Every structure is written in C-alpha cells, then in structure tokens.
Amino acid sequence: METVRMLLYKLSFRSRMTISFILVIASAILVTSVMSYVIATRELEGNATSQSQETLSKTAQLLDEQLKGLLVSSLTLMISAPFTEMVNHATRSQTDAYYADLSALQTPFTQLKMTNPAVQSILISTPIGEFFPTSYYRNPAFSFASSPMRQAFDARPGISMWAAGHEDELFTGRDRVVSLVLKAFSQTNSDIYLVINVSESAIKRVVTSNLGSDSKHYFLVTDEGRYGFDPGAEPLIPETNLRDWALASKDKSTAIYKHEGSEYLVNRAALKVAEHWTLYSVQSKDKLFRQVERIKWLTIVIIGSGIAVAILISHALSALLLRPLRALQRTIKQVGLSNLDVRYSSGYRDEVSQVGYKFNAMLDQIGILISELGAREKEKRIAEAKALQAQIDPPLFYTTR
C-alpha cells in the first residue's frame, strides 16, 4: 500500500486525473457489461433449457402416439372374429382347428402390418400351437412359453407389457425389436399371448427425427434400469449404472450430468402408453449454450474496446480540463523569466482561473511596489547627489574674500 501511495505521489496531476477518468469509465463499462452478460446468459440458458424440454416432451408425445396406435391395432386384432374363434378353439383344446385358425388369422395379421409398417413380426402363443404370418420363418430352437419375456410378463400385474430392445429370437431374422406382449381376453384360459415385435430402428427414427442433430445422446430407460433401444457402441451412461442414475433424476425434469470433465443437460419425459418407460435426452452444455459463449467473447471485446476508448477520452478530457492550469503554468514560467508584464487570461471561470486572476493582482501589486521602490531609490540618489555636490562646491565666505 505504501509503494502504491509513493508511486501515486510521483505521478503528475494530469496523469492522476487521466488514471481517475480511466478507472471511472472502465468501472462503469465493466459493471454494465458484466450485468448485461449475466442477464443475457440466464435468459438464453433458461430459453435453451425450456426449449430442450419442450422438444423432448413433443417427442415423447409423438412416440406415445406411435405406441398407442400399435396398441389399438393389437387390441383390434384381439377382438376380431378370427382371433376370437381361435381363442375359443384354444380354450377347448381343439388342436384339429389349428390350420383353419392359422389361415383365418392371416388377414388380420396383414391388416395390422399395413396399419403399422414398423411391425417386424407377430406371434400368438396358445396351448394348441403358435400362430404367425406364414411369410415369416419361425425359429424352432426358441420357445416363447419358457422365454424370459414370458416370465417377466407373468411376474408383473396387468395384461400388457413393453419389452426393451432385444434380438428377435422368435424368428430367424434375429432383427433388433421392441416387443409388446398382451394376454388374450379369456375367462377360462390364461395361456394365450400376443407378441408384437416392432422394429427398434423405427422407434429410433421417431425419436431422432424430432430431436434433431444437436442432441448428442437420447435413449429410453425402463423401470428395470435397461435401455429401451440400443444406445450405440459407447453409451454415455453404462447400463450397469443406469438404474441408479435414473432413480436419482426421477423427480427432476431437468438435471446436470457430469462425465469426463464435461457437463451435460439431461431432460426427461415419461411415456404414458409405456407407463414404465422414460425418454431422456442428454445434450452437451457447451453445444446447447454456444450462444452464451459467443456473448461472453462479445462482452470481452466490448469491455476491451470500452477501456481503449476510455483511455482516449480520458486523455482528451484531462487536456481539456487542464487548459486553465496550463495557461497559469505558462504565465508563471514567463514571470520566472523576469517578464513581469505578462498576465494570465482565460475564458473559464473556474477555481484555477480565480487563482490566475489572483496571480495577476499579485503581479500588479509587485509592479506597484517595484515602481515605488524605484521612485524612492531615485529620490535617494538625487539626495545623495545634492549632498555630494554640496561637499564639492566651496563655501560662500571663501569666494567673497
């Protein structure tokens, strides 16, 4: 602190004035710019967050509509005459009616596929056999009755279940599908199941077509802590940690996820048709808030430019305000060179000008004193001359003898 004060004492008055102007103007620019940046960034971040959530909610609604259409088509199939007849035959264990029922069900199968192009395969499991479109090739090595999907369905309440993305082991194509499992309406036989396999890529397209390219990660999560569809080769969140992560963000529509030094904005939207599924979008904050980054650099440029302008303005203001002092300084310098006729003049009426006019009065007084001193010196010299002359001249009595 002492060093700063000593340096301040060594500066000229103009330098101190210039520095003061620079500090005042720069502080005003800095405070204004920072406040503007904070307000703008909060507004942009809020808009980006709400827009991201709104986009995800619309995507969830779109996916719900897709799944709802599939569910309605499946229920329509289950109340069709061929299906009802097949249920009656299965209830009475009429195995001899299998081929007739299989043939009759081909038309409802075709109608369901035409209504929902995303449907990959259809299977009805009954005590008298399995029914499916004859254009499909059934995998004989895989039985639905003993499958994990059947066990998971029986372990939970309700008459419907959505199974997360998996390979279609019911048919030889082994495509990745998302399955809808329904139990047939029957009061006497509960072993009739309808399995609708939907192409996983079709589900992905529904999601990605609305989220756009800015969404780096997007995925469905089931209540069992599994991905609803394949998240890719390197998912942002490993499936082993997915359940805990989903539970931690369950009550939040928006959350921040940190991964490898980066921050991601997480938005969630629960599906209504698939009640135990939640759609998530995870976006990089750097990409989502890139406008904020631009504003930050723009603010820095504005502050730098403002300080540069403040320096120029401060020099100009200092020169303007110091004009009366400069004029007084020049007057004093001329007086120091023994030019007592110089006088201070200024159009300003400030304190410095008042000092200058006082200095003029002092010069006038000095001039008067010098004149008086000169007059007294002149009179003194005259008196001395007269005295000397009197000493030189002979006395009168010497001249009369």
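The values are calculated or read from the model by the stated rules, or taken from the named source; none is laboratory data. Because the structure is predicted, anything quoted here is derived from the model rather than measured. No Cβ is skipped: glycine too gets one built from the backbone with ideal geometry, and neighbour counts run over all protein chains shown.
Before moving on, here are some points about what is shown:
- The lone exception for Ser353 - which of (1) among the hydroxyl-bearing types (Ser, Thr, Tyr); (2) assigned to a loop (DSSP other than H, G, I, E, B); (3) in contact with a helix residue (DSSP H, G or I) (Cβ under 9 Å, 6 or more places away or on another chain) it fails: (2)
- Checked against (1) over 30 Å from Ala28 (Cα atoms); (2) within 60 Å of the chain's Cα centre (by Cα); (3) at pLDDT below 80; (4) of a type in the set (A, V, I, L, M), Leu321 passes all but condition (1).
- Filter result for the condition that a residue is assigned to a helix (DSSP H, G or I) and assigned by TED's automatic domain parsing to the domain that holds Thr115, over Leu71, Leu7, Leu23, Leu30: Leu71
- Count - residues of region 126-173 that are outside any loop (DSSP other than H, G, I, E, B) and either in contact (Cβ under 8 Å) with a residue 24 or more places away in the chain or of a type in the set (S, T, N, Q) (or both): 13
- Residues of region 324-339 that are under 11 Å from Ser353 (Cα atoms) and surrounded by fewer than 15 Cβ atoms within 10 Å (Cβ to Cβ): Arg326 alone.
- Selection of region 109-122 for residues being crowded, with 21+ Cβ neighbours inside 10 Å and more than 48 Å from the chain's Cα centre (by Cα) yields only Phe109.
- Test for Tyr348: is it in contact with a Pro (Cβ under 7 Å, 6 or more places away or on another chain), outside the structural domain of Ile256 (by TED's automatic domain parsing), surrounded by 13 or more Cβ atoms within 10 Å (Cβ to Cβ) and not charged (D, E, K, R): yes
- When each of Thr76, Thr41 is tested for being touching a Pro at 6+ places or on another chain (Cβ under 9 Å) and part of a helix (DSSP H, G or I), the lone residue that passes is Thr76.
- In the set (1) in contact with a Lys or Arg (Cβ under 6 Å, 6 or more places away or on another chain); (2) in a loop (DSSP other than H, G, I, E, B), Asp64 fails one condition alone, (2).
- Tally of residues being surrounded by fewer than 14 Cβ atoms within 10 Å (Cβ to Cβ) and over 20 Å from the mean Cα position of the chain (by Cα) across region 33-60: 1
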